[in-house]
Structures are given as C-alpha cells and as structure tokens.
Amino acid sequence: MSEPILTVENLTVSYGRVQAVRGVSFTVPRGGLVSLVGANGAGKSSVINAVSGVIRPSGGRITFDGVDVTRSAAHSLVRRGLVQVPEGRQILASMTIEENLQLGAWHTSGSRTQEVYDRFPVLAERRRLPAGSLSGGEQQMLAIGRALVAEPALMLLDEPSMGLAPKVVDEVFQVIEDIRRGGTSVLLVEQNARRALRAASHGYVLASGEVVQSGPADELLADDRIVAAYLGLERD
Amino acid sequence: MQQLLNGLFLGSIYALFAIGFTLVFGILDRLNLAHPAVFAAAAFVGIELVTVGGLSIWVALPLVAVFGAVLGLVIERVVFRPLKDRPDAHFAGLIGSIGLGGMFIALLLWRYGPDTRRFPVDAFPSTAFEIGGARVTLLQVAILVISVVLMAGLTWLVARSRLGRAMRAVAENPRAATVLGLDVNRVTATTFALSSALGAVAGALFAMNVNSAQLGMGSAIELKGLAVIIVGGMGSLPGALVGGLILGLAEVFAVQYVGSSWRDLVAFGLLFLLLIVRPQGLFGSRRVREV
C-alpha cells in the first residue's frame, strides 16, 4: 500500500496549562475514510484544528502528502489540498451562496463550482441569496460544497451531522461517501460514533485527549466493551 | 450656493478621512487612533514633495497615498497584530495606536519643526469659474472629484472585487476565513494600507484646501472623524460619506449664519440630534460589524 496521505504522530495540543490532546497518533490512508470518535470534550476538534493549521500544536509531527506540515498555517495547507469543513458549518451568512463558493475556491480556478451546483441544486437555485437564508442541512451542503471547490486531496469534516434532522444526516453521510468514492481522502470527526464508524474503514476512539482504542471500524463497532464504555450513550 | 459648495468640498475631505477610519473598524472591529497622525504626516510630506522635491501636486498625491499605505502597514504590524489575541485587544489596540500616533507626530516635529507649513503659492492651478453665482477654483473641484472617485472606488472594491470579498469574509467571521484558506493577516494588513492611504490623501487634500499644515491638524479632525462614523453607522462606508458631508455643510453654514466661534457647537449639536433620532447611525444596522 502507498504511504498514507496523512500521518499524525504524538500530537499534543495545549491551551495554556490545559492539555487538550496528549500524544495522539493516527494515519489516514490515501483514498480512505477514517473516523475519529469520542464524547464531547474528548479533544476531537482540537486534533482537527491542529491538523488543518488553525491552531498550533504544542508537540508532535503532522505529515501531509509526504511533507512535514506541523508548523504550516491554514492558508498554505488549503493551497496544498488539506481542506476543513468546520464544526458549526461557519458559512458566511451575510454573503451570497455564490460568494461563499468563490471564497472556497480562493486558491483554485473554481472549475468544480458547476459540479457542486449539479450535486446540490438548491445551492444553484439560490446562488444570489445570502447563505444565511439556507436551512441547517442546506448550510451543511454549502460548507461541504465550499470545501469541494477548493479541490481537496484530504477533506476534514468536523461534526458534519451536528444539529441536523435524521433524514438530513443520512444525506450528509451519503455525500461524504460519494466524496470518498470520487478519490478524496476523508477524516471524519463525529460525536455520532456509530454512524461515523459505519461509514469508515478505520476508527480511532478518543477520550480525555488520548486515543484509547483503534482498529478497523467494524471491529470497534462489534466490540461490546468499547461500545458500552465510549460509544454507548450515542444515539444512532 | 457658495456656502453649499464650500461645505461639499470640506465635507468630502471629512468623508475621505472618516472612510479610512470606518474601513478598519468594519473589518477588525478596532479603532485605529493613529489614523489622525497619518492624516497630519501626509500633509507635511505632501508639502515637502512639492516645495523641496519640486513635484506637481498631482504627482505628489499618489506618492502621498503610497506613503500612507506604508504607514498603515507599520501600524498593523507594530500595534494591532501583536495585540490581536489578547483578551483586551480592543483597549490595547486603542492605546497602542494612540502611542504610535504620538510617535509619528514626534517624528514630524523633529523633521519639520513646530511651525505651520504651506504649499508654494504657484503650486495650485489658478483657474476659477462660476457655478450658479458662486466662485469655485479648479483645486476645489479637484478635491471633490478625487474624494468622490476614491470613495466610489473603495465601495466598488469592497462590494465586487476578490479582495473585497476576502475583506468582508474576515469582517464577518475570521475563523471561517481562516478555514477557507484566506491569509487573514495579509487581508488585514491590506485593509490597513488602504485605510491609511485614504487618510493620507485626505490629509494632503485638507492641507491644499486651507493651504496650511500644522502638527495638530490630526487631532483637530480626529473627533470629527469619530463623530462622522458614529453618526453614519459604525463600519458603514456610505454612512461615513453622508456623515462627512453633513458635518462639512453644518460647519460651513454655522460659520456663515451663526458665527465662527459657534461652528463646533452647531456641527456637533446637529450630529447629536441625528443620533437621538437614529441611535444606530444613519446606515447602521443592529449587526455592528460590517464593511
């Protein structure tokens, strides 16, 4: 197998004296979908933000596409093809849908914009309206579309199902699966652990800032002790 | 008619100054109180370029804009960027920029001395003409045209250009802008450069309008600029334009009909009245941060 697209070794993230992430290591294989699951406060968002350059890790090493990017800023990582779909979607509500997509394509020619409009017709229909007029599910589609026009080699999704109706969650997971099938590697961070592990080939369970379990996703799901200890409270 | 035109000329300079102020506020939610020092410094540098450098004022103006842009970059890099992650960043930026502005003025004092400086008399075109019985010089028309063109250009830039889109994104949600791959520091620095370039041109035009530059000219306009952006609606570009024109007209008419010693009382009193009627400002909305 070729080298992983993302390798995280011994990652540590601190906020002042508080260590939110302690010695976390994992890999995302090229073209694979890996899920990072755990309860609220387990350190999942800190990991994803450190990997995407939004916050500086206090220790460890991050290798993306064969290059050490531990100290790289977010904008240079996006240019390299490491693109985040942030928690809470973070769409620019007062700007139009079209402008949101144009900003997503900041480092590219925007040649995939039409593809996004085809994939999400509601965005095409309302392209001149403020993004804030979209429903929660549509905003999530815009956030994913905005990442797609950046032409990612690796897409990081932070809690993409949060706050969405079950039917919309199904749609979001379908889109994520399609993206992976299209050749983009995916790192998925979710509280909805069962859903995330079912979509993934590999999973890592985070608790108190550390990886407590890892392995093929179906094995993690099949292990009753893990489910009871870390995933038991999660609703499907 | 004469007073109306004079008010427009003065008001357009106020508006240009205030737009620079409000641009940074709209993007960063911060007040850059070194802006008045840029206004003053640009006037002195403009006069030096014309008197010592022998340049025409039309050549000096773009150079003054570049000089202002460089000062803007310095202000951002020295004051605002190092302080931006502090919990008290608003207050720290305010005080830091007052400090840097004071240093700029001290450098002016060292280089130019405390005296009033003027453009050479032959620096201005002597052409004048009549509009509706009022006498207008070519210089005054040029001041108005330059101000309006710069403000229209800025408005277009913010609304339509790629850079403007980035500026609005940073203004609305810096975190989203970061995640999208925008270099927020660079966008911020560019905003400061633009803002200060406009403030610098306003300073040079002001010095041309009254043909004098004094070290205190920045502090004289500082309060007016702040009043204009509050009345216009904090962070609103059209608000700064309209607010500036209202202030300019109010001042000129106050001098004409009430007496020059009443100028500030009448002008600021009018702005107070506007705020009582419309507390959010003329173009302000409940959303405070906008470009």
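At a glance:
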{"quantity": "Shielding by other protein chains, B:167-179, mean Cβ within 10 Å", "calculated": "6"}
{"quantity": "In sequence order, calculated HN-Hα J values of region B:188-198 (Karplus, 6.51, -1.76, 1.60; Hz; x Gly/Pro)", "calculated": "4, 4, 4, 4, 4, 4, 4, 4, 6, 4, 5"}
{"quantity": "Three principal axis lengths of chain B [C-alpha, angstrom, descending]", "calculated": "57, 47, 33"}
{"quantity": "Fraction of alpha-carbon pairs over 16 Å apart in region A:16-98 - percent", "calculated": "60 percent"}
{"quantity": "Shielding of A:46-55 by partner chains, average beta-carbon count, 10 Å", "calculated": "1"}
{"quantity": "Karplus (6.51, -1.76, 1.60) ³J(HN,Hα), θ = phi - 60°, over region B:98-104, in Hz, Gly and Pro reported as x", "calculated": "4, x, 5, x, x, 5, 4"}
{"quantity": "Chain A, helix-only ellipticity at 222 nm - DSSP H runs n ≥ 4, -39,500 (n - 2.57), divided by all residues, nearest 500", "calculated": "-9000 deg cm²/dmol"}
{"quantity": "Inter-chain Cβ neighbour average for residues A:98-109, partner chain, 10 Å", "calculated": "3"}
{"quantity": "Chain A: most fluctuating residue of A:V175, A:V205, A:V85 per GNM, C-alpha cutoff 10 Å", "calculated": "A:V175"}
{"quantity": "Signed unit charges on C-beta, dipole axis of chain B, positive-most listed residue B:V145, B:I57, B:N209", "calculated": "B:V145"}
{"quantity": "Relative contact order of region A:28-86, pairs being alpha-carbon contacts under 8 Å that are 6 or more residues apart, as %", "calculated": "24 percent"}
{"quantity": "Long-range HN-HN contacts of A:L206 with modeled amide H, under 5 Å", "calculated": "A:V37, A:G38, A:V212"}
{"quantity": "Neighbour-count ranking [beta-carbon atoms within 10 angstrom, fewest first] of B:L163, A:L197, B:L63, A:L36", "calculated": "B:L163, B:L63, A:L197, A:L36"}
{"quantity": "Under-5 Å amide H pairs with A:V21, H placed in peptide plane, nonlocal only", "calculated": "A:V13"}
{"quantity": "Cα-based reach from A:K167 at 19 Å (exclusive), listing lysines while leaving out same-chain residues under 8 positions away", "calculated": "none"}
{"quantity": "Helix-only [θ]222 nm of chain B, DSSP H runs n ≥ 4, -39500 (n - 2.57) each, per residue, nearest 500", "calculated": "-24000 deg cm²/dmol"}
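Bear in mind that the values in this text are calculations on the coordinates, not laboratory data. Since this is a predicted model, take the numbers as computed values, not measurements. No Cβ is skipped: glycine too gets one built from the backbone with ideal geometry, and neighbour counts run over all protein chains shown.
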